[in-house]
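Bear in mind these aren't lab numbers, they're just calculated from the coordinates by the rules spelled out. These figures come from a predicted structure and were not determined experimentally. Cβ: placed from backbone, ideal geometry, glycine included. Neighbour counts: every protein chain shown.
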Amino acid sequence: MNTTSKTSGSGWLRPWMQLVEITISTPIVISYRTAQLVLGGWPPNAKERRELQRMVTEKASAFGRAGYAAVVNPPRDTAQLVGKVLAPVHQSVSGNRRRLVGH
């Protein structure tokens, strides 16, 4: 077991920062997507249908990759494992925020 990150806590910085960004980005992504869908009217146009499909497939992909990371990485260093498990979800959420907000 890696006792350095266990005692110093420095190994937890990345997972905590990932959680903070996920926590901040998720409501932004949800609000932008909801506004796009509401303002787009019914039935959704081709762009909105692509966004709806993307919403479903990216979540399945991100959580699938997170589950895979949790299974294949032995828990020698808990902070590192948490960071690897959070990485796919973090990438998906923060990428969506940048894409939808334009930053």
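Can you pull out every residue in region 17-51 that is more than 15 Å from Arg97 (Cα to Cα) and surrounded by 14 or more Cβ atoms within 10 Å (Cβ to Cβ)? Scanning region 17-51 gives Leu37, Gly40, Pro44, Glu48.
Screening Val101 on (1) closer than 19 Å to Arg14 by Cβ; (2) surrounded by fewer than 17 Cβ atoms within 10 Å (Cβ to Cβ); (3) touching a residue at least 60 places away in the same chain (Cβ under 8 Å) shows it passes everything except condition (1). Scanning region 71-98 for residues that are over 13 Å from the mean Cα position of the chain (by Cα) and exposed (fewer than 14 other Cβ atoms within 10 Å of the Cβ) turns up Val71, Val72, Pro74, Pro75, Arg76.
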